[in-house]
Structures are given as structure tokens and as C-alpha cells.
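Encoded as C-alpha cells, the structure appears first; notes follow it.
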Amino acid sequence: MRRRSADTVCFAAVVAVAGCQSAPKAERALVFFPAPPAAPRVQFLTWASGADELESKRGAFETFVLGEEPAVKRAIQKPYGIAARDGVVYVCDTKGLSLCRLDFRNRSFSVVGSSGPGRLRKPLNVVIDPLGYKFVVDSDRKQVVVFGPDDAYVTAFDVPPPCHPVDVALYENELYVLDNDESCRIVVLDRTSGKLLRQFGASGGEPGQFKIPNA
């Protein structure tokens with residue numbers, strides 16, 4: 001009984017020193033994959049589907065001064081390909097027809113490629129180079145659409161027809177575009193100019209051939 005009383009006194013002293021600060025939140029249980037007793041390889045950190053999970057809510061006074069926010073839900077509608085750089089996650093939204101930008105450091109949500117010459121029609125996958133350029137493969141445009149480090153549209157690289165590009169990968173100065181139309185090939189483009197460098201693979205079941213390549 002005396003031990004419990006001492007603990008209570010110590011807790012009260014800590015609260016008194018803290019003043020008006022709120023009590024610390026209970027720590028969330030750590031989640032790993034695979035589960036114990038297997039050795040963990042991946043740790044779950046957080047999640048977000050749009051602005052609601054990232055951006056702070058307006059206070060009553062701010063709402064009174066600025067007015068009500070528009071009732072437009074700013075969220076990922078159908079996520080597909082994903083890439084990340086410097087605390088910012090980019091997600092291809094195949095239904096929202098844009099590249100969603102989730103900034104976990106600055107707590108903001110925005111979209112890229114929703115208008116103008118860089119407007120996306122069906123973005124499937126994205127890769128980011130060391131300079132911060134984003135290369136988005138768009139199956140309806142039949143192109144790799146390029147956005148700069150500031151997320152502004154830069155250019156678009158054509159994929160030789162017939163084509164149905166579904167994924168893109170980067171190695172040094174080359175872009176590897178996966179084409180799963182009837183030709184089932186991999187198209188290699190120059191990362192800077194978009195020039196066709198070579199192609200390899202074909203449709204079939206033999207060594208070096210593909211049937212339904214997706215990613």
C-alpha cells in the first residue's frame with residue numbers, strides 16, 4: 001500500500017512540473033512483418049489515404065475568418081504504383097487520373113498531372129531518379145510522362161507502337177518500360193532524351209519470352 005502511494009505522489013509531482021501540458025499519449029504497439037518468432041523484416045509506421053490523415057484541421061476561429069472549406073474529398077481513389085523520396089510519397093491514382101503527392105514531413109496532400117500538357121489519363125507506375133525527376137508510365141497516353149523536381153510537367157516520351165506500357169524502371173541513364181501488348185517486350189529509352197536505345201523480349205513461353213508481364 002505504501003508503494004502505491006509513493007507512485008501516486010511521484011506521478012502528481014511530474015504533472016505539477018509539466019504545468020498545463022497534456023499527458024503523454026500511450027505508445028502504440030509496434031507492428032512487424034513477419035510476426036514473432038520469425039525475424040522481422042518490415043515495420044508498419046503509418047498510413048494515409050489523402051488530406052484527412054495528413055493536414056491539420058481548421059480551428060473554429062480560422063473557419064469563422066476564412067469560411068467553410070469546400071466539401072471536396074482530396075484522397076486517393078484507386079492507388080496503384082508508388083515511389084518515395086525525401087519523406088514524400090507519390091502514388092499513381094488510376095481512377096483519380098493523377099499522381100498523388102503525400103508529404104509526410106510537411107503534412108500536406110496535393111495532386112500532380114491533373115491538367116495541362118502533363119495531364120495523366122491512366123497512370124500505372126512511377127519511378128524517381130536521383131535528381132528528383134518523376135517518370136510516370138501512362139497506358140492510355142502510351143507514354144512515359146516526366147515531371148521535374150518541383151513536380152512541374154517537363155516532357156513526355158513516346159513508347160514505340162503497338163504498345164500498352166504498364167511499368168517503368170530506372171538503371172543509370174536508361175528507362176526500362178514494360179510493354180504487355182501482343183509484342184510483350186521491354187523497351188529501353190534514354191532517361192534524358194527519351195530516345196529508343198533497344199528492345200528485348202517477345203511473346204511466348206520460351207526462355208527470354210513473356211506471356212502476361214505486369215510489373
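The values are calculated or read from the model by the stated rules, or taken from the named source; none is laboratory data. What you see is a predicted model, and the numbers here were worked out from it, not measured in a lab. Quick reminder, even Gly has a Cβ in these numbers, built from the backbone with ideal geometry, and neighbours come from all protein chains shown. Areas reflect the complete protein model, heavy atoms only, side chains present, ligands, DNA and RNA absent. Shrake-Rupley method; radii C 1.70, N 1.55, O 1.52, S 1.80 Å.
A simple spin-label model places the labels of L131 and R41 3.5 nm from each other, with each point 7 Å out along Cα-to-Cβ.
Measuring r between the beta carbons of L170 and D140 and using R0 = 22 Å, the FRET efficiency lands at 0.50. Between S203 and V89, the contour length at 0.36 nm per residue exceeds the alpha carbon distance by 37.6 nm. Taking 7 Å steps out from each Cα toward its Cβ at N106 and K57 produces label points 2.5 nm apart.
Multiplying the sequence separation of D150 and E182 by 0.36 nm and subtracting their Cα-Cα distance, what value in nm do you get? Walk me through the numbers on the way to the answer.
Details: separation 32, 0.36 × 32 = 11.52 nm, distance 3.63 nm.
Fully extending the segment from D150 to E182 adds 7.9 nm.
Note that the stretch 63-215 presents 54 Å² accessible area per residue, ligands and nucleic acids not counted, probe 1.4 Å.
Cross-linked pairs K78/K134; K142/K195; K95/K195: Cα-Cα separations exceed 22 Å for K95/K195. Judged by the mean number of other Cβ atoms found within 10 Å, the most tightly packed of the peptides 186-199, 164-177 leads the ranking 164-177, 186-199.
Counting only protein heavy atoms and a probe of 1.4 Å, the accessible surface of the stretch 96-215 is 51% carbon and sulfur.
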